[in-house]
Amino acid sequence: MIKDIMWQVVKILPTDYTDYGGEIQRWSDPGLPYPDCSSGCRHFRRLSSLHYLDVGDADWGVCCNLNSPRSGLLTFEHQAGQDCWEHDPG
């Protein structure tokens, strides 16, 4: 299945949330926000063509934030975001 292949090739970084292999324990500090790419990050570019492969066009994308550790990388929408997320006003 294509979803399994995506998880085999995606790069896991320490700055990702622990649910997705990283070291950031999401919600460990109730006073901090823990956004992810799916929360409307202006730098997340969805791979909409995956819709035809039955992966869901909202789940996968590429980070285009030049200051992010995930810059230029295939990214699952809930994988990362705490330190690089920026709101998309549009």
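Bear in mind these aren't lab numbers, they're just calculated from the coordinates by the rules spelled out. Bear in mind the structure is a predicted one, so any value in this text is a computation, not a measurement. Positions of Cβ are generated from backbone atoms using ideal geometry, with glycine treated the same way; all protein chains shown enter the neighbour counts.
Over the chain, what relative contact order in percent results from Cα pairs under 8 Å that are six or more residues apart?
Relative contact order comes out at 29 percent.
Just subtract the alpha-carbon distance of Ser71 and Val9 from 0.36 nm times their residue separation and send over the number in nm, one decimal.
So the extension gain works out to 20.8 nm.
What value in Å³ per residue do you get for the convex hull of the alpha-carbon atoms in the chain?
Given the Cα convex hull of the chain, per-residue volume reads 95 Å³.
Would you please put 73-81, 18-26 in order of how densely packed they are, using the mean number of other Cβ atoms within 10 angstrom per residue and starting with the highest?
73-81, 18-26
Sort 83-89, 59-65 for me by packing, meaning the mean count of neighbouring Cβ atoms within 10 Å per residue, highest on top.
My ranking of the peptides, most packed first, is 59-65, 83-89.
Could you work out the local net charge near Pro33, counting Lys and Arg as +1, Asp and Glu as -1, over the other residues with Cβ closer than 13 Å to its Cβ?
Computed value for this residue: -3.
Only helical DSSP H runs with n ≥ 4 go in: add -39500 (n - 2.57) per run for the chain, normalise by residue count and round the 222 nm mean residue ellipticity to 500 deg cm²/dmol.
One gets -2500 deg cm²/dmol as the mean residue ellipticity at 222 nm.
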